[in-house]
Structure formats: structure tokens, C-alpha cells
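Q: First, the structure itself, so that you have it in front of you.
The values are calculated or read from the model by the stated rules, or taken from the named source; none is laboratory data. Just so we're clear, the structure is a prediction, and the values are computed from it rather than from any experiment. Because the Cβ atoms are built from the backbone with ideal geometry, glycine has one as well, and the counts that use them run over all protein chains shown.
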Amino acid sequence: MADEPTTLTEDELVEEIRTWAEKYAREHDLVLNPDERVRNAVLRGLARNQLRHGERFCPCRIRKGVPEEDAKIACPCVYHKEEIAVEGHCHCNLFFRKSAVEQGG
């Protein structure tokens, strides 16, 4: 995703990732976490991981240092669709199934 280093500040990168996440959610019939505090924490974690590691790694999962394994946790991670189907949201609580938000969780 992010093969070249960014020249954006962390705050600018957070906004870029927010725009991407909103678009991704719309395209996949999802919504972002309605809790602004949690949503912003996850977006900031994604931005920090992109700045530090060159990729938007899930801030809620541990990198193993093995590129093939770590690629699985780049947002949106390979686990998010099943997590949303089962739990109503992904592990990081960034993406939610619309019906889960409407039902209050």
C-alpha cells in the first residue's frame, strides 16, 4: 500500500486515512465506529504504523516481523470480513456492520 515514504505529517496522514476508511466503508456497506474517540485512536494508530513501518498495520495486532505474515494485518486486514460477520465489527473497532450500529453494538 505505502511503498514510498510519505512527506505528510501525522495529522495529515490521519485525515488521508480517514478519507480512505470512509470510502472503503461506503463501498462495502459498512460504517465507521460511531464513537469518535475510539475511531480517532484507531486512525491515529494506523497513521503511526504507516509512518514507522511504511504500511497501515492494524494498531490492535502485533507485527511478527515476517513480511508475509505482517501483510495479513495491513488495514483492512484479512480477518476483518469474518470478524464483522460474526461480531458486527472488526477487531480494531474501526469498521462496523450497519445493523450492528443500529442495534447499539
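Q: Looking at this structure, is residue 60 in contact with a His (Cβ under 9 Å, 6 or more places away or on another chain) and under 18 Å from residue 96 (Cα atoms)?
A: Judged against the criteria, residue 60 is a match.
Q: When the range 28-42 is examined, which residues are found to be touching a Leu at 6+ places or on another chain (Cβ under 9 Å) and of a type outside the set (A, V, I, L, M)?
A: 33, 39
Q: Sticking with this structure for a sec: Report whether or not residue 71 is under 28 Å from residue 9 (Cα atoms), among the small types (Gly, Ala, Ser), modelled with pLDDT of 95 or more and over 12 Å from the mean Cα position of the chain (by Cα).
A: Yes, satisfied.
Q: Something else now. Going through the range 50-72 one residue at a time, which ones are in contact (Cβ under 8 Å) with a residue 24 or more places away in the chain and in a helix (DSSP H, G or I)?
A: Hits for the range 50-72 are 50, 51.
Q: How do the pairs read when you match residues in the range 73-100 that are more than 21 Å from residue 53 (Cα to Cα) with residues anywhere that are among the basic types (Lys, Arg), using Cβ under 9 Å and keeping only pairs 6 or more apart or on different chains?
A: Correct list of pairs: 84/97; 85/97; 87/97; 88/97; 89/97; 90/81; 93/39.
Q: Let me ask you something else. Considering each residue of the range 23-48, count those that are under 11 Å from the mean Cα position of the chain (by Cα) and closer than 19 Å to residue 9 by Cβ, and give that number.
A: 8
Q: From the list 49, 40, 93, which residue is on the phi > 0 side of the Ramachandran plot and at pLDDT 95 or above?
A: 93
Q: Pairs, please: C-beta under 9 Å, at least 6 apart or cross-chain, first residue part of a helix (DSSP H, G or I) and in the range 5-28, second among the aromatic types (Phe, Trp, Tyr)?
A: These pairs meet every condition: 21/95; 24/95; 25/95; 25/96.
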